[in-house]
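Participant: Have a look at this one before I ask anything.
Computed from the coordinates by the stated procedures, all read-outs in this text should not be read as laboratory data. This structure is a prediction, so every number in the text was calculated from the model and none was measured. Ideal geometry is used to build each Cβ from the backbone, glycine not excepted, and the neighbour counts take in all protein chains shown.
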Number of protein chains: 2
Amino acid sequence: MDEVKIIEIKKSIFADNGQDADALRAELKRKGVYLLNLMSSPGSGKTTTLIQVINRIKDRIRVAVMEADIDSDVDAVKIREATGIDSIQLHTGGMCHLDAEMTRQGLDNLPDGKYDLVVLENVGNLVCPAEFDTGAVRNAMILSVPEGDDKPLKYPLMFSVCDVVVVNKIDVLPYFDFNLEKCAEYVRMRNPKALLIPICAKTGEGVDALADWLLAEVKSWKENK
Amino acid sequence: MDEVKIIEIKKSIFADNGQDADALRAELKRKGVYLLNLMSSPGSGKTTTLIQVINRIKDRIRVAVMEADIDSDVDAVKIREATGIDSIQLHTGGMCHLDAEMTRQGLDNLPDGKYDLVVLENVGNLVCPAEFDTGAVRNAMILSVPEGDDKPLKYPLMFSVCDVVVVNKIDVLPYFDFNLEKCAEYVRMRNPKALLIPICAKTGEGVDALADWLLAEVKSWKENK
């Protein structure tokens, strides 16, 4: 198998990220590509969750992944080995987030017309990525049980901008003081419309719901062109 | 008990953070105050670890805590209730890190001559806080077992700037794929001199070693004025 492609992302030179994000979204709409921006803390299980979801949907839609990281290509390799789909690695060179222009630099390295869904796995960080619209159709985030149910109180913006909050590692609920109902309440405080999906990426529990949501999203995005 | 003091931190106007950090460190040296900068991902257990450490050292040295958070005063209240020591809350207003001038704004709210040790609990983030010298004598970080042993590969700068890496939540090692030796090896790749201290803040296991290190550090800082 070929080496994973590594793209060194350059700092954006455009001033208006909001405008750039809207333009990218409109372009993706024309092309029929659904872009999902997946965010979380370091180590919450983004890559493992993606592998589980992709293996449930890859026979029905065409998927590619862009793995953003400050360094290393561990995740892009892992995704490709575990799912067989195309994945590229974006190096941010120390930058703590991706904006729309940086996301576009990544998308430019994926052939046109080949994918229905592109997932951007953002840099592991609950602060900065929330501040930048990447041009994605939806923002999703993962909160893992060991991080604690109080995170929506401490990282308000991240929870406000996410359409879906995936609560991962529910298999270890017995070993942590994490109250799923309290968490749901805190999430609603930040974003009453957010969808909460509890899963265990390691065992696959609950992942069907996430995969079904994503399939329905992509279908609707492509049909209402 | 009084309300916890909340300080709204303003953006720094100084251009040279390195210079400002050195000046702050020199000033703290003159005053005999040891400043520890504690960093980690969201939810790795900074506050719980601090409570355990403080309760072991508060009868021997005078300690205060500055809790930096984007929002909420949950942590400052928790620290004070669990240890009885002075703690103040710094609100960063969305900013993802603290630099030396912002740290100084916090220190200005603690009375002179009253403390031997001030701990700055930085914003939960493995990226941005690593880029800014706060003026602290030492940087310490917490990596919790559920985050995974590969974090030094993905967040190189954070691990390079830390003198101590505390590995927290070792009680759940049986439930996660976390190899302590592999982790130590990755940490050494980034910083051969880093001290690795495995603990469980929940049960107190291993915390004595961390408390002893900190006591020795503060003693040496104050004696070599």
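Participant: Evaluate the distance, in nm, between pseudo-label points positioned 7 Å from the Cα of B:Glu205 and of A:Glu81 along their respective Cα→Cβ axes.
Facilitator: Going from the B:Glu205 label point to the A:Glu81 one covers 2.9 nm.
Participant: In terms of modelled amide H atoms, which long-range or inter-chain residues lie less than 5 Å from the amide H of B:Leu196?
Facilitator: Here the answer is B:Val165, since their amide H atoms fall under 5 Å of that of B:Leu196.
Participant: Which residue fluctuates most in the GNM of chain B (Cα springs below 10 Å): B:Phe176, B:Phe132, B:Phe159?
Facilitator: Maximum fluctuation in the GNM of chain B, among the listed residues, is at B:Phe176.
Participant: Collect residues whose amide H, placed 1.01 Å from N in the peptide plane, falls under 5 Å from the amide H of B:Ser144; neighbours closer than 5 in sequence don't count.
Facilitator: Amide H to amide H, under 5 Å and 5 or more residues apart or across chains, B:Ser144 pairs with B:Asn168.
Participant: Computed over the Cα atoms of the protein assembly as shown, what is the ratio Rg over Rh, Rh following Kirkwood? Mind dumping the intermediate values first?
Facilitator: On the way: Rg = 22.0 Å, Rh = 22.6 Å.
So for the protein assembly as shown, dividing Rg by the Kirkwood Rh gives 0.98.
Participant: Here's a follow-up. Which lysines have a Cα lying under 19 Å from the Cα of A:Lys29, excluding residues fewer than 8 positions away in the same chain?
Facilitator: Partners within reach: A:Lys114, A:Lys219, A:Lys222, A:Lys225.
Participant: Label position 7 Å from Cα toward Cβ: report the copy-to-copy distances for A:Val77 in nm, one decimal, ordered from shortest.
Facilitator: Distances between equivalent label points, in nm: 4.7.
Participant: As a test, work out the antiparallel percent of DSSP beta bridges whose residues both lie in the protein assembly as shown, rounded to the nearest 5.
Facilitator: 5
Participant: Would you mind checking B:Lys151/B:Lys193; A:Lys46/B:Lys78; A:Lys182/B:Lys151; A:Lys11/B:Lys11; A:Lys151/B:Lys202 for any pair whose Cα atoms are more than 25 angstrom apart?
Facilitator: Cα-Cα > 25 Å for A:Lys46/B:Lys78; A:Lys182/B:Lys151; rest within.
Participant: Evaluate the distance, in nm, between pseudo-label points positioned 7 Å from the Cα of A:Asn109 and of A:Leu173 along their respective Cα→Cβ axes.
Facilitator: Inter-label distance under the simple model: 3.9 nm.
Participant: Also: Eigenvalues of the Cα gyration tensor times 5, then square-rooted: what semi-axes does that give for the stretch A:110-207, in whole angstrom, largest first?
Facilitator: 24, 17, 11
Participant: Further question: Could you give the angle, 0 to 90 degrees to the nearest 10, between helix B:17-31's Cα long axis and the longest principal axis of the Cα atoms of chain B?
Facilitator: For helix B:17-31, the angle is close to 70 degrees.
Participant: Still on this structure, I have one more. In the Gaussian network model of chain B, springs joining C-alpha atoms below 10 Å, which of B:Ala211, B:Ala136, B:Ala82 carries the largest mean-square fluctuation?
Facilitator: Among B:Ala211, B:Ala136, B:Ala82, the largest mean-square fluctuation in the Gaussian network model of chain B belongs to B:Ala82.
Participant: Once the label point is placed 7 Å from Cα along Cβ, list for B:Lys10 the distances to the corresponding points in the other copies, in nm, shortest first.
Facilitator: Taking the point 7 Å beyond Cα along Cα→Cβ, the inter-copy spacings are 3.7 nm.
Participant: Post the alpha-carbon centroid distance, the stretch A:130-180 to the stretch B:16-80, in whole angstrom.
Facilitator: The two parts, judged by their Cα centres, are 26 Å apart.
Participant: Something else about it: Return one number: the angle in degrees, 0 to 90 and rounded to the nearest 10, between the long axis of the Cα atoms of helix A:207-223 and the longest principal axis of the Cα atoms of chain A.
Facilitator: Once rounded, one gets 40 degrees.
Participant: Please state the relative contact order of the stretch B:17-223 as a whole percent: Cα pairs under 8 Å, 6+ residues apart?
Facilitator: 27
Participant: Can you name the chain A residue with its Cβ nearest the rotation axis from A to B, and give the distance in Å as a whole number?
Facilitator: Closest Cβ to the A-to-B rotation axis, residue and whole-Å distance: A:Pro146, 2.
Participant: Sticking with this structure for a sec: Restricting to the stretch B:17-223, what percent of DSSP beta bridges are antiparallel, rounded to 5?
Facilitator: Of the beta bridges lying entirely in the stretch B:17-223, close to 5 percent run antiparallel.
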